[in-house]
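The values are calculated or read from the model by the stated rules, or taken from the named source; none is laboratory data. Note that the structure is a prediction, hence the values are computed from the model and not measured. Ideal geometry is used to build each Cβ from the backbone, glycine not excepted, and the neighbour counts take in all protein chains shown. Quick note on the areas: whole protein, heavy atoms, side chains included, nothing else; ligands and nucleic acids left out. Shrake-Rupley method; radii C 1.70, N 1.55, O 1.52, S 1.80 Å.
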Amino acid sequence: MSSATASGLGTGIRLGQIRSGVAWTAPARRIGVPGVGLPLTGPDLVGLRARVGASGELEMLIGNPGGGRGIYVGSWEAIRLQATPSLHDSRLLELLQPGAGAPLTPDRVRAAALEAAGEGFCGRRAAQVARTAQAAERTNLLRLRSHLLLETACALDLPGARMTRFDPWTAGLEEQAIWLGGAPEAIAARIGMQAGRLDGLAAAELSASATALATVALPLGFGPAGDRFRLPRILQLMARAGSVGQGAVAACILARHTLACDALRQARAAFDKPLALLADWRHDPDAVTQLLMQPSWLLDGWDRLCLVRADPAFGAAGRRAVAQLLTQDISSRMAVTQPSAATDASEAGQPADRSGSALAMDRTCRNERLRLAELRLDDPDDSPPASADDLPGTPAGVPR
């Protein structure tokens, strides 16, 4: 289990203490996209999100710990002085530091979070699930790439493509490797005999495009077990949460569920026309990426919200912290500033609150259990959790 101490938002900090480290600003214009959700396990960081600021550095967004309107916005260093992160959280932020050619996206956060969990920062069970999910992702990436190339060959009426067709989702990887070894060259040669937007496509370019498309689209779920992939499973959680819950948040969950289902259908449908998809990718990869990643953006953080709402260990304040950035427009902003060295020194000399320490430890354990439930969504061979307590039942509601 990750270590944590009593500190931070919601563990006994009084209003005066909060204000000593917060600079209040005038209401800012509304923020269209509230960053990307970070699956943290620290005692008071369950609802934190991040975005890239104007300076190129990561900015953290966290709900008002007092339960009022508005959010805190600040650097990771400033946030961690108010809410002690776990070792897992520190490792995840280390993996997410801004770098060239690495935009902050839900898929990048998910990959980094799998790596952090796989290294053991969420416990043994979480590490096992994360490593299994990573292995399944590598296998399914090869299968989706094979699927795209095979559908392209069939669309081109490549001689022998339909006669020797196999199911890329069940055939052995060795068998696929033999076929895929010469597939890009044969498909490129076939394309070269036809006029169109793919004219002049080389085998190496085709192979790279198929790999890139498969990488971006993998979370969408394809094949006979497509509904066991991460995004369809999140939709299952949302359908359950919206059907059993009441109030504004439940209504928001159902509304987002409808939008995400439509986006998932559109993204999956792009693979039904492989020639058009490859041509669009060749001429405007950013537009295709946006189409394929739209479901990930729409569902980012909603799995955590549904799991938290289904877990009685989370009180009303914890549920509000997760829901605030997802279900409400941000109409005001509070910027967290780093307290002075004198403030740090005076607070460091204060004796620890044993009851606060125990509370923080309990919350960290609770959040690590939540993180394990989230990780299980990434393993297609695992039974999808209905809540952090693995409540029974898997609802319908996933677009096919």
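Computed on the range 134-218, with alpha-carbon pairs under 8 angstrom and 6+ residues apart, the relative contact order is 38 percent.
Accessible-area rank, largest first, for 366, 197, 304: 197, 366, 304, with all protein chains present and a 1.4 angstrom probe. Ranked by the mean number of other Cβ atoms within 10 Å per residue, highest first, peptides 52-60, 204-212, 291-299 order as 291-299, 204-212, 52-60. When 137, 174 are compared by accessible area of protein heavy atoms, the largest-first order is 174, 137, using a 1.4 Å probe.
Overall shape: prolate for the range 247-298, with the ratio a/c of the largest to smallest alpha carbon gyration tensor axis at 1.5 or above and a/b above b/c.
Can you give the extra length, in nm with one decimal, that the chain gains between residue 55 and residue 203 once fully stretched, where that is 0.36 nm per residue apart less the Cα-Cα distance? It would help to have the intermediate numbers written out before the result.
Working: separation 148, 0.36 × 148 = 53.28 nm, distance 4.04 nm.
Roughly 49.2 nm would be gained on extension.
A Förster radius of 25 Å combined with the Cβ-Cβ distance from residue 289 to residue 185 puts the calculated FRET efficiency at roughly 0.45.
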